[in-house]
Every structure is written in structure tokens, then in C-alpha cells.
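Each value in this text was obtained by applying a stated rule to the coordinates, not by laboratory testing. On a predicted model such as this, the values are computed, not experimentally measured, just so you know. Don't worry about glycine lacking a Cβ; one is built from the backbone with ideal geometry, like all the others, and counts go over all protein chains shown.
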Amino acid sequence: MNWVKALLLLSCLVVGYADLVTTNVILNHGLGELNPFMRLAQTWLGAWWLIPKLSGTFVVMWLLNRSNKVYHIAFAIALFSTPVLNNLIIIAGMK
């Protein structure tokens, strides 16, 4: 495997984890989840909503791994980092 592709897939995992952590910070401050699928998972699964969130990250990593175009992988990861940036803006506004 190309080392650039491996680094991008690792960054996908980091972005997924960052989304999980920043979402937890927002939830701990009393705000809610905007994603309707994750909101439903939180309602049904309670604290176990992390399982579908992380599962989604691993599915995305698997799908990106099947791509041979590094630019497409990088673009997808840039799009997946958007919720993390939004969460960081919300957290900064709460302080």
C-alpha cells in the first residue's frame, strides 16, 4: 500500500475520533446532536451510541481503502473533517 494512502486512512480514523470527542463535549454541555441518524442512535442506544459512530468511521475507511486515487481519498477526508471544525466552533462559542 502506498504510504500516502496509509497516512490518509489513518487521518480518517483520527478525524472520526475527533468527531466523537468533540460531539461528547457538546453533549456534556447540554446541547444536542444535529445529525438525525446519530440523534436516533443516542435515543435508542444511550451511551452505546458510540458503536454506530465508530462503525461508520471504519466503513468509510474500508470504502476509501478500495480507492486507488489518493486525491479522492484526501477530498473525502477534507469533507469528513467539516463536522469536527463545526464542533470546534460551537465549543469555542460556549466558553
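Taking the condition of being assigned to a loop (DSSP other than H, G, I, E, B), out of contact with any helix residue (DSSP H, G or I) (no Cβ under 6 Å at 6 or more places or on another chain) and under 30 Å from Asn28 (Cα atoms), how many residues in the stretch 60-95 meet it?
1
Inside the stretch 1-34, can you point out the residues that are touching a residue at least 40 places away in the same chain (Cβ under 8 Å) and within 12 Å of Asn87 (Cβ to Cβ)?
Val15, Ala18, Asp19, Thr22, Thr23, Val25, Ile26, His29, Leu31
In the stretch 64-75, what residues are in contact with a Leu (Cβ under 8 Å, 6 or more places away or on another chain) and either in contact (Cβ under 8 Å) with a residue 60 or more places away in the chain or charged (D, E, K, R) (or both)?
If the condition is that a residue be in contact with a Leu (Cβ under 8 Å, 6 or more places away or on another chain) and either in contact (Cβ under 8 Å) with a residue 60 or more places away in the chain or charged (D, E, K, R) (or both), then Asn65, Val70, Ile73, Ala74 are the ones that fit.
What about Thr57, is it hydroxyl-bearing (Ser, Thr, Tyr), under 20 Å from Leu88 (Cβ atoms) and touching a Gly at 6+ places or on another chain (Cβ under 6 Å)?
Yes; evaluated as a whole, the condition is true for this residue.
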